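The values are calculated or read from the model by the stated rules, or taken from the named source; none is laboratory data. Every value quoted in this text rests on a predicted model; they were computed, and no experiment measured them. Don't worry about glycine lacking a Cβ; one is built from the backbone with ideal geometry, like all the others, and counts go over all protein chains shown.
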Amino acid sequence: MPRRAVSFLIALLAVLLAASPARAEAPQRLDNQFTDASGWIDNRAPAENAVQDLQDKTGIQLWVVLVDSFDGTPAQSWTDETARLSDLGDRDALLAIAVEDRSYAYSFPDDARISDKELAEVAEKDIEPALRKGDWSGAVVAAAEGYQDAASGGSGLIWAVLIVLLVVVAGLAWVFLRRRRRAAAPAPAPAGPTEAELSSRANALLVELDDDLRASERELELATAQYGEPATAQFRSALDEARRNVGEAFQLRMTLDEKPTPGDRSKLTRIIELCEAADKRLDDESDAFDRLRDLESRAAEVADEVDRRRARIEAAVPGAEATVRDLQARFSGGAVTAITGNADQIRERLAFAADSARQAREALTQGRNPEAALAVRGGEQAVDQADHLVRAIERAATELPAARSAADGLLAEVTAETAAGRAALTGGGEVPPGLAAAVTGGEQVLAEVRAALAADRPDPVAAVARLQSADAALDAALAAARDAAERSAHARSMLAQALPVARAEVFAANDFITTRRGAVDYSARAALSEAQRHLSRAESLAASDPVTALSEAQQAHQLASQAGQSARVDVQSWGGAGPYGRPGGFDAGAFAGAVLGGILAGGGRSPGGFGGSSRRGGGGGHSTGGGRRGGGGRF
């Protein structure tokens, strides 16, 4: 699928940028082959001559843009989006340089004359040395000359051919003599990828497929609501199969992170196989799914629906903000932090949805139906995420008080168990192994949790986690003194408190990752996937095996907490500051929100449609979708 059109944001962003002391630019449509609005290059003649020479001799047209800053957007994403907005074709390359960010990227057509390796070498050996010296014109000249040499085979091609011919003639005699004396041997197998390369590939695929599953799930819900379960059954089957593959892959990834072993290479290969199988399964259904939804013919209808949903969600924003303020005043901890920035994120998604609907209508009046379809699909995703963010606040308003009540119940339970354990220690009978440590630890946890819960803004979720851990240690130590019926009854009682809290923690982590997935790496996603697996197992065993179900619920809670914390770190790193997940430097508003939410993918891949779309690349010389390649970095 082509990447999502965002040209309707540019005019707004340009106005905002004009007020900024530094010229932080949003991705833009280039009107000229050479764009340098801040005048970083004093004498453009050498650069323009080199660019023209490249075009005359190879047919490659190199576009160049220099800006102060990429406005917090990843360099490759900024460059890919600018190339798309500028309608660059299969003979057009783009070099983008953010001078004050000290970063750059290139977007190159799929030209068979220049390999990915050669593109990376031109970047490393020609472009970056000039950039590090602040020679912006020299960097453009070096790029143009490097691409020209790579495309033409280099200025020394004739001499190289002559030398090769001489070597061949001399070598033939040597080969003739050696052949008689050499035993036949099989050719060595080509070197495969290193373990580090396999790991990088596996991690990228996990993130990519997890995004695809999240986008596809919502697309399927919309289609099912419109056409019914029978019409969408084949797509549900494909989604379930892909989800199982990705779930297994995440489980393998977690085991690799926890216990690295010499057999990691085979596990990494298996992760890649599972992800590629899931990807193919979704792709096999994507064309049929697009025909079913037929957004091109329904774009006007969908735009109206986007506006209706946007208006409804806008009406809910003041109440959601008041709820967040109330929860912040009453509670602390990760569950509160996770929703702190939701109101801002809701407004950003709604602004994007409004512009998407407007852009779709403009495209329809001009007969550009494919563009209209892409715009309304982006609008749908934006209002979906806004609704998701509102519901996350509403859930927190229910679940935080519930966790506080659960903590009170656990306090009573652990108090009773420590008393029973203390009695066993002083009763004169046989003392179970580990009981003394469990009792001492339980008493310490009780004292600390009571003090924490008495504070003005307690963290009930953390309190529940600590009490559950103490309870598990006491359970294990007292198990020998309990019969099976007593253990089952105790587990059932504890499960009634543990399961809702675990479920709430899983939902909170899932809400956060879904609405900020553009910034979240594989580790948080893997932990969440495992938390969901343990939660599902706990729910299925609750009636028949409460002891095992309790253990599964506690593992789900622990993993979901880990996922939420890891995801928040990822978003803060991506955003540069604060819990809001806002890119550092210039605030790009709805555009930044769309990138953060995965509606506009930071790696040049727009999700949208069943099974996502073009693939995310990595490293220098990678594919950026649409038949283009990219690379770059810092200087």
_I need the full set of residues from segment 238-270 which are within 20 Å of the chain's Cα centre (by Cα) and free of Cβ contacts under 8 Å to residues at least 12 places away in the same chain, in order please._
244
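Residue under question is residue 503, and the condition is that it be under 30 Å from residue 347 (Cβ atoms), among the basic types (Lys, Arg) and crowded, with 21+ Cβ neighbours inside 10 Å; does it hold?
On the way: under 30 Å from residue 347 (Cβ atoms): yes; among the basic types (Lys, Arg): yes; crowded, with 21+ Cβ neighbours inside 10 Å: no.
It is false that residue 503 is under 30 Å from residue 347 (Cβ atoms), among the basic types (Lys, Arg) and crowded, with 21+ Cβ neighbours inside 10 Å.
Suppose we filter segment 70-93 for residues that are touching a helix residue (DSSP H, G or I) at 6+ places or on another chain (Cβ under 9 Å) and surrounded by fewer than 24 Cβ atoms within 10 Å (Cβ to Cβ); how many remain?
Filtering segment 70-93 for residues touching a helix residue (DSSP H, G or I) at 6+ places or on another chain (Cβ under 9 Å) gives 70-74, 77, 85, 88, 91-93.
Narrowing further to those that are surrounded by fewer than 24 Cβ atoms within 10 Å (Cβ to Cβ): 72, 74, 77, 85, 88, 91-92.
Residues flagged as touching a helix residue (DSSP H, G or I) at 6+ places or on another chain (Cβ under 9 Å) and surrounded by fewer than 24 Cβ atoms within 10 Å (Cβ to Cβ) within segment 70-93 amount to 7.
Are any of the residues in segment 490-500 within 18 Å of the chain's Cα centre (by Cα), farther than 24 Å from residue 202 by Cβ and either polar (S, T, N, Q) or surrounded by 24 or more Cβ atoms within 10 Å (Cβ to Cβ) (or both)?
Going through segment 490-500, the residues within 18 Å of the chain's Cα centre (by Cα) turn out to be none.
For segment 490-500, residues within 18 Å of the chain's Cα centre (by Cα), farther than 24 Å from residue 202 by Cβ and either polar (S, T, N, Q) or surrounded by 24 or more Cβ atoms within 10 Å (Cβ to Cβ) (or both): absent.
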*Scope segment 365-378; condition modelled with pLDDT under 90 and in a helix (DSSP H, G or I); matching residues*: 369, 370, 371, 372, 373, 374, 375, 376, 377, 378
*When both residues are 6+ apart or on different chains and their Cβ atoms are under 6 Å apart, which pairs have a first residue that lies in segment 108-135 and is without any contact (Cβ under 8 Å) to a residue 24 or more places away in the chain, and a second that is surrounded by 14 or more Cβ atoms within 10 Å (Cβ to Cβ)?*
126/142; 126/146; 130/138; 130/139; 130/142
*Determine if segment 408-420 includes at least one residue that is hydroxyl-bearing (Ser, Thr, Tyr), surrounded by fewer than 22 Cβ atoms within 10 Å (Cβ to Cβ) and touching a residue at least 24 places away in the same chain (Cβ under 8 Å).*
yes
*Residue that is nearest to residue 634 (Cα to Cα) [pool: residues in segment 83-129 that are of a type in the set (Asp, Glu) and assigned to a loop (DSSP other than H, G, I, E, B)]*: 101
*Examine segment 112-120 for a residue that is farther than 30 Å from residue 571 by Cα, under 25 Å from the mean Cα position of the chain (by Cα) and either at pLDDT 90 or above or surrounded by fewer than 20 Cβ atoms within 10 Å (Cβ to Cβ) (or both), and state whether such a residue exists.*
yes
_Only one of 362, 348 is touching a Phe, Trp or Tyr at 6+ places or on another chain (Cβ under 9 Å), crowded, with 24+ Cβ neighbours inside 10 Å and in a helix (DSSP H, G or I). Can you tell me which?_
348
*Take segment 511-531 and flag every residue that is farther than 19 Å from residue 77 by Cβ and surrounded by fewer than 21 Cβ atoms within 10 Å (Cβ to Cβ).*
523
*Looking at (1) in a helix (DSSP H, G or I); (2) in contact (Cβ under 8 Å) with a residue 40 or more places away in the chain, which is the only condition residue 405 fails?*
(2)
_Looking for something at pLDDT below 80, polar (S, T, N, Q) and not in a helix (DSSP H, G or I) - is there at least one such residue anywhere in segment 247-261?_
yes
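For segment 226-244, name all the residues that are at negative phi and of a type outside the set (D, E, K, R). Please lay out each step first, then the result.
In the first step, residues of segment 226-244 are kept if they are at negative phi; the result is 226-227, 229-244.
Selection gives 226, 227, 230, 231, 232, 233, 234, 235, 237, 238, 239, 242.
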*Hits in segment 70-104 (condition: modelled with pLDDT under 85 and more than 25 Å from the chain's Cα centre (by Cα))*: 86, 87, 88, 89, 90, 91
